[in-house]
Amino acid sequence: MTVPEFLRSEPDLSGSLHAFRERLAETVSWCGRKAGQPDLGGVLRTADLSPPPATPWPETVRAVADQRLLLLGRSWRRSLDPLGGGMLLVYFPTPPHSGGAARAASHGYFDDRDAPPWDTWVAYLEEPGRSYVVAWVPPQGLESATAGIEAARSLAWLETSGVGFRLPPRV
């Protein structure tokens, strides 16, 4: 498979999708431990992973991922299903946002700026004319996320988003 050309990506995807696969496995493992709890949108916003303020998106996504991996430690296991039964969504952080409509529709899974919970962030990608965050939605959050996506133009499922990033048949 050929890796598309991105202006910038975090993790670096210039040579292969290996770094994405690793980051996705870490995300599925971390979030999968919490996904059965009530208030999924709150549970997946771990205070220790809170994004640093006033930091560019690539560094923010890296900081969240690095801290998540540190907290996972050495004992985490990969899911047999690389997507852990969940799906990938795309979040376009550049306004306009839905003004809280995605938050309301998703019962708090998305925040007031339509961002998915930071524990779920996998990658940040820049293409000519747009940038976006790829996040993993656990199976328990699919219904809420779908409702939020329907309420906001800044959100889409990866496979219908029209972005250049695509998963190979085998994640």
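The values are calculated or read from the model by the stated rules, or taken from the named source; none is laboratory data. Keep in mind the model is a prediction, meaning the values are calculated, not measured. Using ideal geometry, Cβ is built from the backbone for each residue, glycine included, and neighbour counts are taken over all protein chains shown.
Being out of contact with any helix residue (DSSP H, G or I) (no Cβ under 7 Å at 6 or more places or on another chain) and either of a type in the set (Val, Ile, Thr) or surrounded by 15 or more Cβ atoms within 10 Å (Cβ to Cβ) (or both) is the filter here, so list the residues in the range 84-102 that pass it.
Residues satisfying the conditions are Tyr91, Phe92, Thr94, His97, Gly100.
Out of (1) touching an Asp or Glu at 6+ places or on another chain (Cβ under 8 Å); (2) among the small types (Gly, Ala, Ser); (3) outside any strand (DSSP E or B); (4) modelled with pLDDT of 95 or more, what's the single condition that is false for Ser144?
Among (1) touching an Asp or Glu at 6+ places or on another chain (Cβ under 8 Å); (2) among the small types (Gly, Ala, Ser); (3) outside any strand (DSSP E or B); (4) modelled with pLDDT of 95 or more, the lone unmet condition for Ser144 is (1).
Could you tell me which of the residues Ala35, Ala65 is closer than 25 Å to Val163 by Cα and either touching a strand residue (DSSP E or B) at 6+ places or on another chain (Cβ under 7 Å) or among the aliphatic types (A, V, I, L, M) (or both)?
Answer to the selection: Ala65.
Take the residues in the range 56-78 that are touching a helix residue (DSSP H, G or I) at 6+ places or on another chain (Cβ under 7 Å) and assigned to a loop (DSSP other than H, G, I, E, B); name whichever of them is nearest to Gly148 (Cα to Cα).
Once the filter is applied, the top-ranked residue is Arg78.
Restricting the range 8-56 to residues that are surrounded by 18 or more Cβ atoms within 10 Å (Cβ to Cβ) and of a type in the set (Gly, Ala, Ser), which is modelled with the lowest pLDDT?
Among those residues, the one meeting the criterion is Ala35.
In the range 13-24, is there at least one residue being in a helix (DSSP H, G or I), touching a Phe, Trp or Tyr at 6+ places or on another chain (Cβ under 8 Å), within 22 Å of Gly108 (Cα to Cα) and in contact (Cβ under 8 Å) with a residue 12 or more places away in the chain?
No, because not a single residue in the range 13-24 is in a helix (DSSP H, G or I), touching a Phe, Trp or Tyr at 6+ places or on another chain (Cβ under 8 Å), within 22 Å of Gly108 (Cα to Cα) and in contact (Cβ under 8 Å) with a residue 12 or more places away in the chain.
Kindly provide the set of residues from the range 11-39 that are over 22 Å from Leu125 (Cα atoms) and of a type in the set (A, V, I, L, M, F, W, C), ordered by number.
Result: Ala35, single match.
Look through the range 147-171, keep the residues that are among the aliphatic types (A, V, I, L, M) and assigned to a loop (DSSP other than H, G, I, E, B), and return whichever of them is surrounded by the fewest Cβ atoms within 10 Å (Cβ to Cβ).
If we take residues in the range 147-171 being among the aliphatic types (A, V, I, L, M) and assigned to a loop (DSSP other than H, G, I, E, B), then Val171 is surrounded by the fewest Cβ atoms within 10 Å (Cβ to Cβ).
Only one residue in Asp119, Asp66 is without any contact (Cβ under 8 Å) to a residue 60 or more places away in the chain and under 22 Å from Pro138 (Cβ atoms), so which one is that?
That would be Asp66, the only listed residue that is without any contact (Cβ under 8 Å) to a residue 60 or more places away in the chain and under 22 Å from Pro138 (Cβ atoms).
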